[in-house]
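J.: This structure is in structure tokens; I'll ask about it shortly.
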Amino acid sequence: MINFVLPCLLALLISFVLTPTVRKLAFKIGAIDRPDCRKVHCKTMPRLGGLAVFLAFSATVLLTQPLNSKLIGLLVGGLLIVLLGILDDTRGLSAKVKLAGQIAAAAAVIPFGIQVEFITNPINVNEHMLHLGIWGIPVTIFWIISVTNAVNLIDGLDGLAGGTSFIAALTMAAITWQQDGTGMEVTLLALVLAASILGFLRYNFFPAKIFLGDTGSMFLGYALGTLAVMGVAKTATAISVIVPMVILGIPLLDVLFAILRRYQSQRPIFQPDKEHLHHRLMALGLSHRQTVLAIYAVNLILGVSAFLLTVLTTSQAALLLFILAVVIIVTANKIGVIGKVARTGTSSSVSQNLRQRSSKM
């Protein structure tokens, strides 16, 4: 147990101590986030906080773990995504350049043996596993990029992306704890990532003193996506292909719902809007803090559900997935993140909440 506790304490301490220094650095190099019509903060904020999380995670791994090929691949890809994030936080990058950088970072893990090798086939019991062969490379890259962008896109409120990633990392640790072999390695890495996030959340939870920035949100998405490939996706149970998606349900579903509603309203899919889950909850009257805590609660429910999927029988897991799907679709449609509900007043409601919060600060 001490082999888990000491690295986590070290990561927590490094992140906690480094974040104020990174905050000062962000102002010096121009990594700042100015408020605009789409954002909910009211003043200029430093946005390089993810650098502290990355340094805490990487330093802890290098100081406490014997390096192997997969660890090196994880750190190399993480460094690439962080460098990309720093450039975006300081200079601003086009969507095409960011995507190219994300592809490079995701592809960097392939030579180090991090790859989706098979997916389970819950339909055909005679062919339990579908071995992907060379197709595992594009599947791996697509998965890591998807999670990277999903976490990046939910980073819209103080502590939201960090807290969501913290819960996801703990869930991964709990699931891989049950596995043999590489499961323990991924458990430790997930716990170290969670500890690195926790040290940063002290400064990022509402009212935040620093933002994750693209540096942090992309690194967290990259790390979670890669750890899922290294650990959760390695199990050969019939339901294992779904488990990582449930763990990362909030960011992935938020992206999916954004695509659906923009297609439904005949808007460009990549056109930003203020109709994400956190925007809708604030429009319904929840405060900034209440919105974040509500989404944390949903993340916890999904995390517990993901864990249950790994211990239930296939039929029980299928029933749980069906219940989750129905509840998610009905709720999402009701609050307006999917369907065409009355959205007039969304922006004004959020703005009113912001004005009320500003008057109390």
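The values are calculated or read from the model by the stated rules, or taken from the named source; none is laboratory data. Small disclaimer: the values here were computed from a predicted structure and weren't measured. Here the Cβ positions follow ideal geometry from the backbone for every residue, glycine too, while neighbour counts run over all protein chains shown. All accessible areas refer to the heavy atoms of the entire protein, side chains included, with ligands and DNA or RNA removed. Shrake-Rupley method; radii C 1.70, N 1.55, O 1.52, S 1.80 Å.
J.: Would you mind computing, in nm to one decimal, how far apart the modelled labels at Ile134 and Lys24 are, each placed 7 Å from Cα along Cα→Cβ?
T.: It is 5.4 nm.
J.: Using alpha-carbon pairs under 8 Å, 6+ residues apart, how would you state the relative contact order of the stretch 134-206 in percent? Don't skip to the end; give the middle numbers.
T.: On the way: 49 pairs, mean separation 24.1, N = 73.
Once normalised by length, the contact order is 33 percent.
J.: Name the shape class, rounded, prolate or oblate, that the alpha-carbon gyration tensor gives for the stretch 1-105, where a ≥ b ≥ c are the square roots of its eigenvalues, rounded holds for a/c under 1.5, and otherwise prolate holds if a/b is larger than b/c and oblate otherwise. Don't skip to the end; give the middle numbers.
T.: On the way: a/c = 2.82, a/b = 1.46, b/c = 1.93.
Taking the square roots of the gyration eigenvalues as a ≥ b ≥ c, the stretch 1-105 is oblate.
J.: Oh, and also: How do Asp88, Asp155 stack up against each other in accessible area, from largest to smallest, with a 1.4 angstrom probe? Numbers along the way, then the final one.
T.: On the way: Asp88 15, Asp155 50 Å².
Result of the area sort, largest leading: Asp155, Asp88.
J.: Calculate, in nm to one decimal, what Thr44 and Arg267 gain on full extension: separation in residues at 0.36 nm each, minus their alpha carbon distance.
T.: Numbers: separation 223, 0.36 × 223 = 80.28 nm, distance 2.98 nm.
Extra length available between Thr44 and Arg267 comes to 77.3 nm.
J.: Taking R0 as 35 Å, what's the FRET efficiency between Asn333 and Val311 from their Cβ-Cβ distance, rounded to 0.05? Show your work: numbers first, answer last.
T.: On the way: r = 31 Å, r/R0 = 0.87.
That gives a FRET efficiency of 0.70.
J.: For Asp33, which sequence-distant residues (separation of 5 or more, or a different chain) have an amide H within less than 5 Å of its own amide H, given hydrogens modelled in the peptide plane?
T.: HN-HN under 5 Å from Asp33: Met45, Arg47.
J.: Ranking request for peptides 322-329, 78-85: highest mean number of other beta-carbon atoms within 10 Å first, then the rest in descending order. Could the numbers behind the result be given before it?
T.: Numbers: 322-329: 12.5, 78-85: 22.2.
Result, highest mean first: 78-85, 322-329.
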